[in-house]
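Colleague: Next up is a structure, given as structure tokens.
Taken together, the values in this text are just the output of simple stated rules run on the coordinates, not laboratory data. Quick caveat: nothing in here was measured; it's all calculated off a predicted structure. Here the Cβ is made from the backbone with ideal geometry for all residues, glycine too, and neighbour counts use every protein chain on show.
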Amino acid sequence: MKSRSPTLEGFRAILHRPSFGLAEIAWRWSFGAATTLLLAFSFLEYLDTLPVTQGDLVLLGTRQPLLVSQAMLHIFRGSTFRAIEAVIVLALTLGIAWIGIASLGRAATLKALLAYFRDAHDLGRSEGQSNLGPTQAKHGSLRSLFGLNFLRVGAALAAAIGCLAAFLLGGAATSASDLAPGSAMLIILTVVMLVWVAWSVVSWVLSFAAIFAVADGQDAFGGIAAAVNLCRTRAGSVVAAGTWFGLGHVAAFVVATSVVAFPLGFAGVLPAGMVLGGVLLVTLLYFAVVDFLYMGRLAAYVAILEFPDPRTVPAIALPPHSTQPSALIPARDGVDPAELILSDVPLATGN
């Protein structure tokens with residue numbers, strides 16, 4: 001059987017079907033735009049609740065750093081509780097909205113990818129094929145995606161708490177009599193790095209498990225177990241796909257940071273609006289390329305799932321007393337299939 005490269009199939013999918021990347025951009029950017037508007041509106045409403053006296057305006061008009069800081073402290077005094085309430089409400093609202101939108105968007109994109117590989121390439125998995133009906137599989141996959149995305153939100157919340165704990169640990173390492181900013185910074189960076197690595201691994205496994213939730217109708221924990229099992233059995237293909245698309249992401253970031261320097265270089269010549277527009281355009285193009293690469297990596301993972309591994313394809317068993325040559329039987333390393341084993345040697349009968 002001719003082996004196919006899942007990584008090449010992922011690149012081929014986003015090149016031949018740009019609609020995959022556009023669909024990913026549609027639901028991600030819609031949620032991002034709604035989130036930006038909601039945050040901006042909430043911030044303006046919060047500023048509208050702050051009392052500003054005539055004396056504060058006079059201090060702000062002096063443009064003296066000390067006087068301005070005194071005015072800012074007076075303006076924001078007593079508003080910390082309202083800010084915390086707003087952050088909690090926004091976090092809960094956006095978390096619930098993201099669970100629903102991400103589940104629906106991921107279900108649509110994964111079903112399109114599965115149809116692409118199964119129809120265009122005329123491939124189907126030889127084992128593990130779902131026996132669920134269309135309606136049952138649809139509702140089951142959505143429930144599983146809701147559960148997986150709920151776990152992702154929980155992991156993000158745990159990571160945020162871990163980062164907050166890093167700053168608390170860094171502050172506890174110093175005292176008023178013995179200031180040690182170097183030690184505090186080392187503790188903060190170490191804990192934040194460990195939290196980031198743990199969150200990245202958990203988030204990646206949960207996003208990978210969504211493939212099994214849609215393809216096989218697995219529940220949330222069944223999809224996680226299937227994802228871990230596939231990573232164990234097809235580790236080379238999974239690592240290769242993640243590595244190549246990760247390198248593409250790095251290349252896109254390097255190119256974007258280089259290109260964005262051009263409008264910033266004309267900051268003293270061009271109007272501020274044109275400079276900000278150029279930076280925003282480069283940023284949006286970078287995010288679009290990242291979404292296309294993400295869909296390509298997801299397509300590569302689906303290809304790993306859909307394409308059988310030639311090394312695991314079972315050989316055709318020969319019937320008893322067959323005269324076919326033993327070369328048809330795949331030999332294991334170091335074992336000659338033509339060599340007799342002890343059970344094949346007839347027992348010697350005594351005289």
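Colleague: Please find the FRET efficiency linking Leu114 to Ile88, where r is the Cβ-Cβ separation and R0 is fixed at 45 Å, and quote it to the nearest 0.05. Please report the intermediate quantities before stating the final value.
Modeller: Values: r = 39 Å, r/R0 = 0.86.
Once the sixth-power term is evaluated, E becomes 0.70.
Colleague: Cut-off is 10 Å between beta-carbons; in what order do Arg12, Arg234 appear when sorted fewest neighbours first? Don't jump to the answer; show the numbers that get you there.
Modeller: Values: Arg12 16, Arg234 20.
With the sparsest Cβ surroundings first, the list reads Arg12, Arg234.
Colleague: What list do you get for Met295, Met185 if you sort them by fewest beta carbons within 10 Å? Working shown, then result.
Modeller: Numbers: Met295 26, Met185 12.
Neighbour counts put them in this order, fewest first: Met185, Met295.
Colleague: Shifting gears a bit: Could I have the simple spin-label model distance between Leu189 and Ala158, label points 7 Å from Cα toward Cβ, reported in nm to one decimal?
Modeller: Computed distance between label sites Leu189 and Ala158 equals 2.7 nm.
Colleague: Fewest first, what order do Ile88, Ile188 take by the number of other Cβ atoms within 10 Å? Could the numbers behind the result be given before it?
Modeller: Values: Ile88 10, Ile188 19.
The fewest-first ordering by Cβ neighbours comes to Ile88, Ile188.
Colleague: In addition: Which one, Val89, Gly32, Gly61, is farthest towards the positive end of the dipole of the stretch 1-92 when Lys and Arg carry +1 and Asp and Glu -1 on their Cβ?
Modeller: Gly32
Colleague: Right, another one. Starting from the 7 Å offset along Cα-to-Cβ, what nm value, one decimal, do you get for the label separation of His16 and Phe266?
Modeller: Output for this residue pair reads 4.1 nm.
Colleague: Between Cys231 and Ser79, how high is the FRET efficiency from 1/(1 + (r/R0)^6) when r is the Cβ-Cβ distance and R₀ = 41 Å? Nearest 0.05.
Modeller: Working: r = 48 Å, r/R0 = 1.17.
Computed FRET efficiency for Cys231 and Ser79 comes out at 0.30.
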